[in-house]
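Engineer: Have a look at this one before I ask anything.
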Amino acid sequence: MSNAGWIETCRADEIDEEDVLRFDHGSLTLAIYRSADGKYYATDGLCTHEQVHLADGLVMGDIIECPMHNGRFDYRTGEAKGAPVCVNLKTYPVKVEGGRVLVQIG
Amino acid sequence: MADGGMVIVGAGECGARAAQALREAGWSGAVTLIGEESLPPYERPPLSKALMVAAGEPQVAHPLTRDAAAQKGIDLLLGARVAEIDREAHAVILADGRRISYVKLLLATGARPRRLAVPGADSRDVLYLRSFADALAIRERLRAGARLCVIGGGFIGLEVAASAVARGCRVTVVEVTPRILMRGVPAPLAELIARRHEQAGVRFRVGAGIARISESAGTVKIGLADGDEIECDVIVAGIGAAPETLLAARAGLAVENGIRVDDRLRTSDPDIFAAGDCCSAPHALYDGRRIRLEAWRNAHDQGNLAARNMLGGDQRYEAVPWFWSDQYEMTLHVAGLADQATKHVKRDLGDGAELHFHLAGDGRLLAASGFGPLGKVAREIRLAEMLIQKGAKPAPDQLAAPEVKLKSLLNA
């Protein structure tokens with residue numbers, strides 16, 4: 001299987017369960033999540049409201065909450081869960097290979 | 001116009017949120033949002049921070065644009081001042097004579113900066129910060145090399161000080177009380193913040209009263225009560241804000257450190273609500289003590305809650321007070337009210353970041369405050385906020401230990 005468009009990000013064990021990590025790739029900032037049941041997800045790293053790094057926020061269940069204004073997103077789908085956020089987050093396909101988290105950005 | 005609708009006076013964060021929350025809750029009648037400024041509702045927190053230092057044309061973010069208002073059927077009356085509330089007739093009367101009747105009325109009138117009351121304080125070189133226009137006027141004066149004197153070591157003053165340093169100004173902060181951030185921020189954190197400012201070259205004069213302000217040959221002089229003088233080019237006074245209660249008081253509504261509301265945000269008139277900076281409400285988490293908050297989150301949350309209760313909801317305001325301040329690369333987050341705490345516990349987060357927990361005599365967590373990089377502080381304070389909300393009594397030794405995750409205490 002081709003890995004074109006996929007980038008290697010962090011180690012899978014670098015993220016705790018129900019937690020998030022920031023990963024920068026060029027001008028792109030990603031937030032990479034590990035859910036309580038051990039699945040991995042990736043979204044754009046900046047909140048769609050005031051461009052705050054979501055990886056500085058708190059993961060609770062399937063929700064990432066912006067650390068400044070408590071805007072909430074479902075990190076699995078990117079869905080904005082209500083004011084102050086109204087624009088969904090872009091999400092990216094993720095897979096784990098050889099203990100690394102790979103994200104498809106292209 | 002807007003016959004039998006919902007009317008909101010004050011188009012800041014709180015009013016704008018309430019207007020939209022009415023729609024989100026399914027209200028299909030008229031919604032009128034009345035604001036004195038000509039700009040659509042905008043976010044004030046960046047005014048002292050990002051807007052001051054941003055390169056290029058300063059811009060504000062709008063929680064409700066004109067287009068969004070039109071699309072949501074919200075009648076946005078800008079540059080309009082409400083002169084009077086006719087409670088008998090259930091109508092507000094604008095300064096230009098227009099009458100708008102209401103079923104329920106929300107007062108989200110905010111607060112205005114307290115003015116210095118010393119001789120010479122009416123100088124054109126004494127500036128205040130509340131509005132976008134105020135921020136632009138200050139920004140214009142903060143040129144590289146300019147000498148800024150900030151009067152008041154509170155949030156606004158310190159944020160402006162940090163922004164002025166970034167713009168190359170020389171900054172002195174004068175505070176009348178014995179230390180900066182007397183209100184709401186515990187002493188050890190205030191000390192940490194003062195040191196960060198000093199590193200950046202800010203000079204502090206604490207315990208220093210202002211006697212007079214005078215001007216000569218393009219220089220402003222601040223005469224201190226102890227006889228010293230400080231020379232500068234411009235003064236920004238951030239000495240607190242007074243709730244905007246005039247309209248409410250004239251309508252005969254109860255006023256007590258802001259418009260007096262109950263824990264459902266109702267004023268002494270059941271058809272009139274108040275929310276945000278302008279009101280004081282009893283808080284269940286703090287023994288029913290009446291508190292008034294000047295904070296973005298509070299404005300947002302109370303706007304939401306007032307809207308639901310205007311539509312017949314019966315929700316109590318019980319959110320943990322929370323506020324933040326960004327200074328340099330650091331952020332200060334505070335959840336809860338620390339003033340009644342008798343025990344204080346520090347957790348060292350590394351990288352110069354500290355978390356402080358403030359507990360009541362019975363061990364209940366009342367407040368938590370943190371200063372450091374956003375990524376170190378924000379989520380810990382958020383978790384502490386949840387501990388406060390549930391009335392948790394976490395063990396002090398666990399709070400002090402950085403390896404003990406707050407999330408685990410929450411689930412305990």
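Engineer: Touching a residue at least 40 places away in the same chain (Cβ under 8 Å), open to solvent by less than 20 Å² (accessible area, probe 1.4 Å) and more than 10 Å from chain B (Cβ to nearest Cβ): is that true of A:ALA4 in this structure?
Structural biologist: Numbers: touching a residue at least 40 places away in the same chain (Cβ under 8 Å): yes; open to solvent by less than 20 Å² (accessible area, probe 1.4 Å): no; more than 10 Å from chain B (Cβ to nearest Cβ): yes.
Judged against the criteria, A:ALA4 is not a match.
Engineer: Still on this structure, I have one more. Could you list, in sequence order, all residues of the stretch B:17-41 that are in a loop (DSSP other than H, G, I, E, B), closer than 19 Å to B:LEU78 by Cβ and either open to solvent by 10 Å² or more (accessible area, probe 1.4 Å) or among the hydrophobic types (A, V, I, L, M, F, W, C) (or both)? Write out each step before concluding.
Structural biologist: Filtering the stretch B:17-41 down to residues in a loop (DSSP other than H, G, I, E, B) leaves B:25-30, B:35-41.
Keeping just the survivors that are closer than 19 Å to B:LEU78 by Cβ gives B:30, B:35-41.
B:ALA30, B:GLU36, B:GLU37, B:SER38, B:LEU39, B:PRO40 - these are the residues of the stretch B:17-41 that are in a loop (DSSP other than H, G, I, E, B), closer than 19 Å to B:LEU78 by Cβ and either open to solvent by 10 Å² or more (accessible area, probe 1.4 Å) or among the hydrophobic types (A, V, I, L, M, F, W, C) (or both).
Engineer: Also, quick follow-up: Scan the stretch B:326-349 residue by residue and report those that are in a strand (DSSP E or B), open to solvent by 30 Å² or more (accessible area, probe 1.4 Å) and over 22 Å from A:CYS66 (Cα atoms). Break it down stepwise before answering.
Structural biologist: Let us first name the residues in the stretch B:326-349 that are in a strand (DSSP E or B), namely B:326-327, B:330-336, B:343-349.
If we keep only those that are open to solvent by 30 Å² or more (accessible area, probe 1.4 Å) too, we end up with B:326, B:343-344, B:346, B:348-349.
Matches in the stretch B:326-349: B:LYS343, B:HIS344, B:LYS346, B:ASP348.
Engineer: For the stretch A:30-43, indicate whether the set of residues that are touching a strand residue (DSSP E or B) at 6+ places or on another chain (Cβ under 8 Å), open to solvent by less than 10 Å² (accessible area, probe 1.4 Å), closer than 15 Å to A:VAL87 by Cα and within 14 Å of chain B (Cβ to nearest Cβ) is non-empty. Steps first, please.
Structural biologist: In the first step, residues of the stretch A:30-43 are kept if they are touching a strand residue (DSSP E or B) at 6+ places or on another chain (Cβ under 8 Å); the result is A:30-35, A:40-43.
Filter once more, so that each one left must be open to solvent by less than 10 Å² (accessible area, probe 1.4 Å): A:30-33, A:35, A:42-43.
Those still in the list that are closer than 15 Å to A:VAL87 by Cα too: A:43.
Now narrow it down to the ones that are within 14 Å of chain B (Cβ to nearest Cβ): none.
Checking the stretch A:30-43: not a single residue is touching a strand residue (DSSP E or B) at 6+ places or on another chain (Cβ under 8 Å), open to solvent by less than 10 Å² (accessible area, probe 1.4 Å), closer than 15 Å to A:VAL87 by Cα and within 14 Å of chain B (Cβ to nearest Cβ).
Engineer: Still on this model: Suppose we keep only residues that are open to solvent by 50 Å² or more (accessible area, probe 1.4 Å) and of a type in the set (Asp, Glu) within the stretch B:359-412. Which one would you say is farthest from B:GLU191 (Cα to Cα)?
Structural biologist: Filtering first and then ranking leaves B:ASP362.
Engineer: Okay, moving on. Could you check, for the stretch B:362-374, whether at least one of its residues is away from chain A (no Cβ under 14 Å), among the polar types (S, T, N, Q) and farther than 26 Å from B:HIS283 by Cβ?
Structural biologist: Among the residues of the stretch B:362-374, not one is away from chain A (no Cβ under 14 Å), among the polar types (S, T, N, Q) and farther than 26 Å from B:HIS283 by Cβ, which makes the answer no.
Engineer: Hey, among the residues in the stretch A:80-94 that are part of a strand (DSSP E or B) and either at pLDDT below 95 or within 14 Å of chain B (Cβ to nearest Cβ) (or both), which one's farthest from the chain's Cα centre (by Cα)? Before the answer, list the steps.
Structural biologist: To start, the set of residues in the stretch A:80-94 that are part of a strand (DSSP E or B) comprises A:80, A:82, A:85, A:91-92, A:94.
Narrowing the set further to residues that are either at pLDDT below 95 or within 14 Å of chain B (Cβ to nearest Cβ) (or both) leaves A:80, A:82, A:85.
Values: A:ALA80: 13, A:GLY82: 18, A:VAL85: 16 Å.
Within the stretch A:80-94, the match that is farthest from the chain's Cα centre (by Cα) is A:GLY82.
Engineer: Here are B:ALA61, B:ALA70, B:ALA50: which of them is aliphatic (A, V, I, L, M), over 25 Å from B:ALA111 (Cβ atoms) and open to solvent by 30 Å² or more (accessible area, probe 1.4 Å)? Full working, then the answer.
Structural biologist: Numbers: B:ALA61 fails: over 25 Å from B:ALA111 (Cβ atoms); B:ALA50 fails: over 25 Å from B:ALA111 (Cβ atoms).
After ruling out the rest, the residue left standing is B:ALA70.
Engineer: Exactly one condition in (1) part of a strand (DSSP E or B); (2) out of contact with any helix residue (DSSP H, G or I) (no Cβ under 8 Å at 6 or more places or on another chain); (3) within 14 Å of another protein chain (Cβ to nearest Cβ) is not met by A:VAL103; state its number.
Structural biologist: Tallying (1) part of a strand (DSSP E or B); (2) out of contact with any helix residue (DSSP H, G or I) (no Cβ under 8 Å at 6 or more places or on another chain); (3) within 14 Å of another protein chain (Cβ to nearest Cβ), A:VAL103 fails exactly one: (3).
Engineer: Return the only residue of B:ALA208, B:ALA225 being among the aliphatic types (A, V, I, L, M), open to solvent by 70 Å² or more (accessible area, probe 1.4 Å) and more than 24 Å from the chain's Cα centre (by Cα).
Structural biologist: Details: B:ALA208 fails: open to solvent by 70 Å² or more (accessible area, probe 1.4 Å).
Selected residue: B:ALA225, the only one of B:ALA208, B:ALA225 that is among the aliphatic types (A, V, I, L, M), open to solvent by 70 Å² or more (accessible area, probe 1.4 Å) and more than 24 Å from the chain's Cα centre (by Cα).
Engineer: Quick one: A:ILE64 ticks every box in (1) farther than 26 Å from B:LEU64 by Cβ; (2) part of a strand (DSSP E or B) except a single one, so which number is it?
Structural biologist: All conditions pass for A:ILE64, except number (1).
Engineer: Filter the stretch B:299-318 down to residues that are within 12 Å of chain A (Cβ to nearest Cβ) and in contact (Cβ under 8 Å) with a residue 24 or more places away in the chain and give me whichever is surrounded by the fewest Cβ atoms within 10 Å (Cβ to Cβ).
Structural biologist: Top of the filtered list is B:ASN304.
Engineer: Still on this structure: Could you please find all residues in the stretch A:44-61 being charged (D, E, K, R) and either at the interface with chain B (Cβ under 10 Å from one of its Cβ atoms) or assigned to a helix (DSSP H, G or I) (or both)? Lay out the reasoning, then the answer.
Structural biologist: Just the residues of the stretch A:44-61 that are charged (D, E, K, R), to begin with: A:44, A:50, A:56.
Answer for the stretch A:44-61, where residues must be charged (D, E, K, R) and either at the interface with chain B (Cβ under 10 Å from one of its Cβ atoms) or assigned to a helix (DSSP H, G or I) (or both): A:GLU50, A:ASP56.
Engineer: Right, next: Do we find that B:LEU78 is farther than 25 Å from B:SER268 by Cα and open to solvent by less than 60 Å² (accessible area, probe 1.4 Å) in this structure? Don't jump to the end; show me each part of the working.
Structural biologist: Details: farther than 25 Å from B:SER268 by Cα: yes; open to solvent by less than 60 Å² (accessible area, probe 1.4 Å): yes.
So B:LEU78 passes the test.
Engineer: Can you confirm whether the stretch B:360-375 contains a residue that is assigned to a helix (DSSP H, G or I) and either closer than 18 Å to A:LEU58 by Cα or in contact with a strand residue (DSSP E or B) (Cβ under 6 Å, 6 or more places away or on another chain) (or both)?
Structural biologist: yes
Engineer: Looking only at the stretch B:71-90, how many residues end up being of a type in the set (Asp, Glu) and over 29 Å from the mean Cα position of the chain (by Cα)? Break it down stepwise before answering.
Structural biologist: From the stretch B:71-90, those of a type in the set (Asp, Glu) are B:75, B:84, B:86, B:88; that's our starting set.
Keeping just the survivors that are over 29 Å from the mean Cα position of the chain (by Cα) gives B:86, B:88.
Qualifying residue count, the stretch B:71-90: 2.
Engineer: Could you look through the stretch A:67-79, keep only residues that are more than 13 Å from every other protein chain (Cβ to nearest Cβ) and either closer than 26 Å to B:GLU385 by Cα or not in a loop (DSSP other than H, G, I, E, B) (or both), and pick out the one that is most open to solvent (accessible area, probe 1.4 Å)?
Structural biologist: Of the stretch A:67-79, the ones more than 13 Å from every other protein chain (Cβ to nearest Cβ) are A:73-79.
So of that shortlist, the ones also either closer than 26 Å to B:GLU385 by Cα or not in a loop (DSSP other than H, G, I, E, B) (or both) come out as A:73-76, A:78-79.
Working: A:PHE73: 0, A:ASP74: 14, A:TYR75: 1, A:ARG76: 104, A:GLY78: 0, A:GLU79: 82 Å².
This residue is A:ARG76.
Engineer: Could you tell me whether the stretch B:284-291 includes any residue that is among the acidic types (Asp, Glu) and open to solvent by less than 20 Å² (accessible area, probe 1.4 Å)? Talk me through it step by step, then tell me what you get.
Structural biologist: Taking the stretch B:284-291 as the starting set, the residues that turn out to be among the acidic types (Asp, Glu) are B:287.
Those left that are additionally open to solvent by less than 20 Å² (accessible area, probe 1.4 Å): none.
No, the stretch B:284-291 contains no residue that is among the acidic types (Asp, Glu) and open to solvent by less than 20 Å² (accessible area, probe 1.4 Å).
Engineer: Now a separate question. Could you tell me whether B:VAL171 is over 30 Å from B:HIS344 (Cα atoms), touching a helix residue (DSSP H, G or I) at 6+ places or on another chain (Cβ under 6 Å) and buried (at least 20 other Cβ atoms within 10 Å of the Cβ)? Talk me through it step by step, then tell me what you get.
Structural biologist: Numbers: over 30 Å from B:HIS344 (Cα atoms): yes; touching a helix residue (DSSP H, G or I) at 6+ places or on another chain (Cβ under 6 Å): yes; buried (at least 20 other Cβ atoms within 10 Å of the Cβ): yes.
Considered against the rule, which asks whether it is over 30 Å from B:HIS344 (Cα atoms), touching a helix residue (DSSP H, G or I) at 6+ places or on another chain (Cβ under 6 Å) and buried (at least 20 other Cβ atoms within 10 Å of the Cβ), B:VAL171 comes out as yes.
The values are calculated or read from the model by the stated rules, or taken from the named source; none is laboratory data. No experiment lies behind these values; they were computed from the predicted model shown. For neighbour counting, all protein chains shown are included, and Cβ atoms are generated from backbone atoms with ideal geometry for every residue, glycine included. These accessible areas exclude ligands, DNA and RNA; they are computed on the full protein's heavy atoms, side chains included. Shrake-Rupley method; radii C 1.70, N 1.55, O 1.52, S 1.80 Å.
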